[in-house]
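Here the structure is laid out as structure tokens; the discussion comes afterwards.
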Amino acid sequence: MTTRLLLLLWAVGLLLLLSPASSDPSTADMATRGADFATRLYRAVASRTDDNVALCPPPLAAGLMALLSAAEGPTRDQLLQGLTLDGLDVQTLPDQFQSLRDAVLGGDVPPNLQQGAAVFPQQGVQVSPSYQDLVRTKLGAGTQTLAYAAPHEAVDAINRWAQEQTGDRVQDLVSQLDPQTQLVLATAASYQARFSPSFNASLSQDERFVVDSYHVAMVPMMTRTDRFFLAYDGAVRAGVLRLPMADGTAMLAVLPDEDVDVGAVEDELTGDKVQSWIRQLKKTRLEVLFPRFLLQRSLRLKDVLQTLDIKQVFQDDADLSNLGGAKGLKLSQVYQKSVVAVDETSDDVTAGGGVTFPSPPPRLAFNRPFIFIVYHQATNALLLLGRVTDPSLK
């Protein structure tokens, strides 16, 4: 009896040591709230276009958190609600956000995602050193004043910043600015998929991709036969495939049934829905055909954020007094550009075609529009969301 008790205590202690960062209730709560914000934002963006979509919510959340830290009154309240952070203590939010960032980005292997966020007030705004320090250390974002009266110089400054944040992968984040601009929130992201196990480039070949009832594109399809984790959601009639990455992230690829429009699945996309898909994944034998694609999407998010009831910060009576020392500073525009590359790129020099089975396994071909979601496996934090309507187009 004593031996059994000791073994039980030892096992419990080992589990505690090996528990992921998400076991911290505060970090798990922030990841859940972040997933709610990410899916609401994605639905708002995706509903405005039938084209490819690529969206990176974390840097946008960091930038809005920077504004939240400077806001008072109704401006602060709307930002809290829009970010699904209502009910939390504003004073401790930066520390909670930092804990989640550390859990996602604190591993030994650098993530495949390079991202950045920065607030750019107009020249003359006195940004306090304490605010700059909070934004940099807690939120991983930056601050810099710009002379918008010289719009070309301001455009160049923001674009240089975006290149620095993403290793030159994001170019031309901003094309033009109004000389009357007061404050810009800029976010940029670049993601290079590194599947683990990886696809073998020598097996890739062109296949048909049905864009819609009238258009078919020939695109390079990567192929792998292996044991994959798969789920099926009968409520939305879509299959969900998990493709793990080398850095602790994974991609959920969501393929609607042939007679289901991808928009119908997007309408049901929530943080809870994504979590339910992850819980239902089960290992199965498959031959997977997955398209190679490169997406570059530029977004102006002012109107989108207003549909999420983040409005006050864009109006003349916005209160961002903790940023500039006085009321009257308003957010002019929010920019994001995301670059997502999905191909056979891998750190695995032993990449092969996968596992050989005695009989051919079922084939799952992503040969029609689908949704992809990149998430951090230890915390379930959502890092990227997108839609591939036509892999042949950027």
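No value in this document is a laboratory result; all are computed from the given coordinates. Quick caveat: nothing in here was measured; it's all calculated off a predicted structure. Neighbour counts are summed over all protein chains in view; Cβ atoms, including those assigned to glycine, are modelled from backbone coordinates with ideal geometry.
Treating only the Cβ atoms of Lys and Arg (+1) and Asp and Glu (-1) as charged, compute the dipole magnitude of the chain about its Cα centre; round to the nearest 20 debye.
Approximately 700 debye in magnitude.
Is the shape of region 46-134 best called rounded, prolate or oblate, per the rule: a/c under 1.5 gives rounded, else a/b larger than b/c gives prolate, else oblate, with a ≥ b ≥ c the square roots of the Cα gyration tensor eigenvalues?
Here region 46-134 falls in the rounded category.
Can you give the calculated 222 nm mean residue ellipticity of the chain, where each DSSP H run of n ≥ 4 adds -39,500 (n - 2.57) and the sum is split over every residue, rounded to the nearest 500 deg cm²/dmol?
Theoretical 222 nm ellipticity from helices: -10000 deg cm²/dmol.
Would you tally the net charge around residue 99, using a Cβ to Cβ cut-off of less than 15 Å, leaving residue 99 out, and scoring K and R as +1, D and E as -1?
With Lys, Arg at +1 and Asp, Glu at -1, the net is -2.
Can you list the DSSP H helices in the chain whose Cα atoms extend at least 15 Å along the helix axis and whose mean Kyte-Doolittle hydropathy is -0.5 or higher?
Membrane-span-like by this criterion, though nothing is claimed about a membrane: 2-18, 25-46, 57-70, 93-105.
When P(r) over Cα pairs in 20 Å bins from 0, in percent is calculated directly from the model, which label among (1) 27, 59, 13, 0; (2) 23, 54, 21, 2; (3) 26, 54, 18, 1 fits?
Computing P(r) over Cα pairs in 20 Å bins from 0, in percent and matching it to (1) 27, 59, 13, 0; (2) 23, 54, 21, 2; (3) 26, 54, 18, 1 gives (3).
Cβ under 12 Å from residue 158's Cβ, residue 158 left aside: what net charge do those residues give with Lys, Arg +1 and Asp, Glu -1?
Charge balance near residue 158 sits at -2.
Quick one: dipole size for region 122-184, taken about the Cα centre, charges +1 on Lys/Arg Cβ and -1 on Asp/Glu Cβ, in debye to the nearest 20.
Result for region 122-184 is approximately 260 debye, rounded to the nearest 20.
State the answer as a single residue: which of 134, 334, 185 lies farthest towards the positive end of the charge dipole of the chain, with beta carbon charges of +1 for Lys and Arg and -1 for Asp and Glu, about the Cα centre.
So the residue we want is 134.
If you average the sequence gap of Cα pairs under 8 Å that are 6 or more apart and divide by the length of region 158-264, what percent do you get for the contact order? Please report the intermediate quantities before stating the final value.
Working: 128 pairs, mean separation 17.8, N = 107.
Worked out over region 158-264, it gives 17 percent.
When the chain is treated as a GNM, springs tying every alpha-carbon pair under 10 Å, which of 384, 364, 299 comes out with the largest mean-square fluctuation?
Of 384, 364, 299, the most mobile in the Gaussian network model is 364.
Which residue, 320, 271, 306, has the largest displacement toward the positive end of the dipole of region 251-394 when charges sit on each Cβ (Lys, Arg +1; Asp, Glu -1)?
320
Charges at C-beta only: +1 for Lys and Arg, -1 for Asp and Glu. How large is the resulting dipole of region 28-104 about its Cα centre, in Debye rounded to 20?
180
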